[in-house]
Each structure stands twice: as structure tokens, then as C-alpha cells.
Amino acid sequence: MNSLKTRLHKLLDEFRHRLSFHDALPQLVLLGVLAGVSASLVIVVFRLLIEMPLLFVFDGAVDNYESLSLPARFLLPFLGALLLGCILHFIDPKHRSVSITHVLERLRHHQGKLPKENFLLQFFGGIVSLLSGQSVGREGPAVHLGAAVASQLGQRFALPNNSQRSLIACGCAAAISASFNTPMAGVIFAMEVILMEYSIIGFIPVIIASVFGTTMSQLVFGTEALFGLPNVELNILWEIPFMAFSGFLIALVAAGFIRLHLAFFAQRQMPIMLRFGLIGLVTGLVSLYLPQIMGTGFDTLNSAMLGQLSVQLLLLIVFAKLVVTAMASGMGMLGGIIGPSLVMGGCLGAVLGIWGNAMAPQASDPDFYVILGMVSMMGAILNAPLSALIAIVELSHNPSIVFPSMIMVVVSCVTVKQLFRFDGIFSEQLKSLGYSIEGKPAQQFLSRVGVLSIMNRSFISCASNIDFTVAEQLLSQDKVWLLLDSATQFESGSDNEPGSTRVLMSTADLAKHIADLDDGDRSSKIDLLEIAAHRLQLITIDSRADLLEANQLIGDKGVDGVVVEQATGLLAPRLIGVITSESIRHYHGI
């Protein structure tokens with residue numbers, strides 16, 4: 001049994017070491033499978049716990065809040081918000097952070113380590129939020145849950161931090177796929193919104209994870225499309241200018257939503273009970289007159305596509321959904337904004353389609369503009385045009401919408417970006433919190449490589465005071481470096497335990513000193529801290545760290561390199577390699 005356990009530990013160590021390289025594709029594919037299966041299972045359970053009670057209450061219709069009585073329309077969101085406020089009141093503020101912004105912040109500033117406490121809050125709090133009819137979507141919780149499951153997988157097996165990025169992207173892709181049955185949209189969302197980069201090494205594991213997410217979704221929920229999107233197409237090319245104008249109008253609404261959301265986001269210092277009480281009160285009052293804003297609102301979208309809603313009602317839904325969702329999501333309600341963005345865009349698109357059809361009867365039907373509005377609004381709010389385009393193509397199963405959708409989503413995204421200077425709602429949230437998500441190419445490259453991949457194992461630890469015999473023994477081992485035992489404790493300033501400085505010197509300097517000794521001096525002690533040599537000051541770093549962490553630690557502490565240490569259970573960490581700042585520069589070619 002012990003030999004089997006030892007062999008498994010050795011195999012896992014080899015797996016971790018291989019993962020530390022930037023081109024560990026086979027290992028990343030395996031992680032993609034594990035992350036995809038794990039994340040999709042969690043999302044399936046999450047969806048079932050939401051949809052089964054709603055199907056029972058609404059007699060087979062998940063979002064039929066319109067069938068509720070007037071008192072129920074008010075009390076359900078109000079009491080649901082109060083319940084969540086009470087729960088959050090007793091939770092440590094650092095564990096209240098949830099949804100996509102939380103994932104982005106942890107990915108870029110905490111090596112992708114998502115706490116399990118936040119995961120549990122998002123899981124159960126998201127269920128309460130969506131069951132109580134709050135004006136939020138389920139994709140925000142889904143992305144957080146998928147990312148957290150993948151992150152916990154990496155933390156459980158102590159995988160290198162450079163692999164956490166791929167793991168989290170895989171979890172997010174599987175979560176989106178399992179939520180909406182959109183495999184390609186899951187992949188593009190993970191690359192465009194979460195990682196903000198495209199590479200073959202990044203794509204393949206994410207694709208595998210998304211495949212498993214979609215497979216799990218179809219096994220449980222079937223292959224039926226989320227929306228009853230009609231098979232429509234562009235009727236006349238003369239509509240293109242009107243579509244561009246429509247994209248501009250949708251951009252104005254999207255920018256207004258982002259600005260209002262950020263205004264509410266700035267009020268998060270208010271007491272949690274007051275915030276959630278206001279959210280529940282406003283949502284309940286508006287729902288008395290417009291129950292269409294409750295929940296994800298996908299039934300409202302289907303009604304808009306079928307032409308069952310008047311222009312006045314559509315405009316009221318857009319305005320109410322914009323205000324209530326901006327307030328709920330901005331002030332901390334546990335839900336997403338992608339679903340509401342589709343509802344706002346679809347209803348506004350329906351209005352534009354009705355107006356366009358009134359001016360030119362031969363133009364495309366209003367339901368065509370419902371789809372275009374969904375693409376345009378989602379792309380503009382997220383600053384993710386490709387994700388929005390692919391999502392709607394997969395949801396509609398209609399490739400004829402690609403051409404006009406591209407026109408509208410480009411206009412809306414460019415307008416929001418250039419005219420209003422918004423980089424997407426998640427980036428703006430992080431900016432308001434004082435974080436930056438813009439990574440330089442050099443930083444992105446270093447974050448993909450683990451310290452295990454470039455560390456130099458050719459070193460030997462020794463005391464700083466040795467005699468001639470010990471010096472000869474050290475030199476006989478043909479090591480490049482001597483790591484002196486003298487150490488100074490101080491805080492490393494990272495997520496790792498307090499580190500310590502160590503002194504590193506070349507064995508060549510010791511060999512030169514011995515060669516210059518007279519016969520009479522060989523009986524005296526050799527002080528390696530005093531002899532003529534080039535000495536480097538190093539600080540210890542965890543073996544899971546990536547090169548970006550190592551480089552930042554070197555700069556923050558003003559040292560010359562790092563000593564890589566590996567945890568060994570209850571025993572003291574084992575020193576397994578050294579990395580100098582010069583070797584990092586040479587590796588990256590800078």
C-alpha cells in the first residue's frame with residue numbers, strides 16, 4: 001500500500017512539474033476534462049434546484065411570474081431580498097464577493113484561488129435570488145460556480161498557479177455551456193471575457209471542457225433551444241443603414257445601464273440589510289405593474305418574438321428592467337446581468353423592428369430585430385461582441401442572422417467604447433474597486449509558466465562557515481550554486497507563508513578561492529560570506545508559483561532571485577531549486 005501511495009505521489013509530482021511548462025497541452029486537456037465534468041455537474045444541480053420548484057409552482061412554465069397574484073408579486077422579491085440580506089449580514093465581508101467580477105479579480109490578483117466560502121454563498125444565495133424573482137440572470141452565478149469548482153480542483157491537488165488560468169477558463173466554459181446549451185459561446189466567453197486572450201494552448205482544453213458541459217446539459221435537460229427563436233432573415237439590403245442606427249440607439253441604452261449600474265455599485269458601503277431591503281422593495285413595487293421584469297425574463301423574450309407585446313409595454317419593460325437590474329446587480333444581489341441584457345436588447349429590438357416595419361412594410365419582421373437587439377445589447381454591455389454573436393447564433397440555430405448581427409454589434413460596441421469610454425461592465429466594476437485587469441504581454445507570458453519549469457536544481461545547501469575538507473566535498477559534487485544556510489525572516493507579501501532571504505553564490509567562486517589559498521591557510525575556516533565572490537540574495541517562494549509571481553516578488557523585495565520550496569506535509573518545506581532574476585530575463589528574452 002505504501003509503495004502504491006509513494007508511486008502515486010511521484011506521478012502527481014511529475015504531472016505538476018510538466019504543468020509548469022507553457023506548452024503542457026496533454027496535461028491541460030486532462031484538466032479540461034476534469035474541470036468540464038465537475039463544473040457541469042454543479043451547474044446541472046444548480047439549475048435543477050431552481051427550475052424544479054418553479055416548474056411545480058407555475059405548472060410547467062419556469063418564468064411565468066405574471067400568473068402570480070398581486071400580493072405574491074410584491075412579497076416574493078421583497079422577502080427573498082430580506083432573507084438574503086439577513087444571511088449576508090452574518091457573513092464575513094471578504095466572503096460576500098461573488099459573480100463574474102469576483103472571478104476576474106481573483107484570477108488576476110490572487111493567482112486564480114477562489115475561496116470555497118464564496119462558492120457556497122453563490123450557490124445557495126443564487127438559488128434564493130432566482131427563486132424569489134429578483135431581476136437578475138443565472139449566468140453570473142454559473143460562471144462563478146464553474147470557475148470556483150475548477151479552482152478548488154487545482155488547489156486540492158496543489159497544481160502550479162500557471163495552470164489555474166486554464167482551469168478557471170475551462171470551468172467557466174463548461175458552466176456557460178451547461179447553462180444555455182451553447183458550447184461555442186462557452187468557449188468564446190471564457191477566452192474573450194475571462195482570459196482576454198486567444199491561443200491554441202488555451203483554446204483546446206477550454207473546448208474539451210465546453211463539450212462536456214454541453215453533453216451534461218443535453219443528457220439532463222434535452223436539446224430543446226432556450227428560446228423559441230424564429231427562422232428569420234434579412235429581407236432587403238436597404239435595411240442596413242437602419243440597422244446601424246438601431247445599433248447606435250441600443251448603445252445609448254447600454255451605456256445608460258452601465259452608468260446607472262456603477263452609480264448603484266458605488267453605494268455598496270451602505271449597510272447590507274438596507275441595501276437588500278431597498279432592492280426587494282423596488283423590485284416588488286415595480287413587479288406589481290410589470291411582472292415581466294421578474295426572474296430571467298426569457299418568457300418575455302419569447303412573447304416579444306411572437307409579437308404579443310405592444311410598443312408601449314415593450315418600452316416600459318426596457319426602462320423598468322434597466323433600472324431594477326442596474327440597482328439589484330449594482331448593490332450586490334446574487335445574480336448575473338447577461339440574461340437581463342438579452343431581455344432589454346430583445347424588447348428594444350422589437351420596438352425598433354415595429355417602427356422599421358411601419359416605415360417600410362417590405363422590411364424584415366420585428367422578430368428579426370428582437371434577435372439583433374439581443375446581440376447588440378449583450379455585446380455592448382459586456383464589451384464582448386464575439387461572445388454575443390456566437391451565443392445568439394447557437395441559440396437561434398439560424399446562420400442568416402450573422403451578417404446583420406455583425407453590423408449592429410460593431411456599431412453598439414464601438415459607440416459604448418469610444419463615445420462613452422466604457423470598457424465593458426466587468427472592467428468598469430474592477431476599475432471602481434481600484435483594480436486593473438489590463439495585462440501587458442510580458443506579464444501574460446510569465447503568468448503561463450511555472451517556476452518548476454525553469455528553476456535550476458544544480459545547487460547544494462551548506463553552512464556559511466566551512467573548513468577546507470568540506471569545501472572540497474562540496475566542489476566534488478559538480479553543482480553550479482551554493483545556497484548558504486544563513487537566513488533572515490520577513491513577510492513575503494504574497495499569498496504564500498512568510499518567506500526568508502537566503503544567500504546564493506557560485507561554486508566557481510569557492511573553487512577560485514581554494515586555488516588561491518596557501519598551504520598554511522588550508523587549516524583555517526572559510527567564511528563564505530567574506531571571501532571574494534559574487535553573492536545573490538534570494539527569497540523563498542512556493543513551488544506552485546508562476547514566473548510572474550516570482551518576478552514581482554523579486555522586484556517588491558529588492559532581491560536577486562527566488563528559492564523554490566515544496567511543501568512536504570507536516571515536515572519543513574524542501575528546497576528544490578533556485579531562480580535568479582537574470583534567468584527570468586533570459587527566459588523571456590528581455
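Here, each number is a calculation from the coordinates, and none is a lab measurement. Treat the numbers as computed from the prediction; the structure is a model and nothing was measured. Cβ coordinates were reconstructed from backbone atoms using ideal geometry, including for glycine residues, and neighbour counts include every protein chain displayed.
For the stretch 349-403, the calculated P(r) over all alpha carbon pairs, in 10 Å bins from 0 to the bin holding the longest distance, is 26, 48, 24, 2 percent. Highest-first packing order for the peptide set 335-346, 56-67, 533-544 is 335-346, 533-544, 56-67, based on the mean count of other beta carbon atoms within 10 Å.
Mean sequence separation of contacting Cα pairs (under 8 Å, at least six apart), scaled by the length of the stretch 292-413, corresponds to a relative contact order of 22 percent. Based on the Kirkwood approach, the hydrodynamic radius assigned to the stretch 504-582 is 14.7 Å, with every pair of different Cα atoms included.
Against the chain, whose longest principal axis is taken from its Cα atoms, helix 139-156 shows a tilt of about 20°. Computed on the Cα trace of the stretch 450-588, the radius of gyration divided by the Kirkwood hydrodynamic radius gives Rg/Rh = 1.00. Derived scalar couplings between HN and Hα for the stretch 93-108 equal x, 5, 9, 8, 6, 9, 6, 5, 4, 4, 4, 5, 5, 5, 5, 8 Hz in order, rounded to whole Hz, by the Karplus curve 6.51 cos²θ - 1.76 cosθ + 1.60 (θ = phi - 60°), x for Gly and Pro.
Here's how it looks for ILE539: its modeled amide H is under 5 Å from those of ARG502, GLY561, VAL562, VAL563, which are all 5 or more places away or on a different chain. The Cα-based radius of gyration and maximum Cα-Cα distance (Dmax) for the stretch 57-142 are 15.2, 48 Å. Measuring between alpha carbons in the structure, the pairs from LYS113/LYS440; LYS10/LYS431; LYS5/LYS116; LYS94/LYS440; LYS440/LYS512; LYS94/LYS557 lying more than 32 angstrom apart are LYS10/LYS431; LYS440/LYS512.
Farthest toward the positive end of the dipole of the chain, out of ALA263, ALA463, LEU219, is the Cα of ALA263, where the dipole comes from beta carbon charges about the Cα centre.
Which whole-number percent of Cα pairs in the chain have a distance greater than 39 Å? Counting every Cα pair in the chain, those more than 39 Å apart make up 37 percent. For the chain, the residue among TRP238, VAL42, GLN27 whose Cα projects farthest onto the positive side of the dipole built from Cβ charges is VAL42.
Each label point is 7 Å from the Cα along the Cα-to-Cβ direction; what then is the distance between the points at TRP355 and LEU529, in nm? Label-label distance for TRP355 and LEU529, simple model: 7.8 nm.
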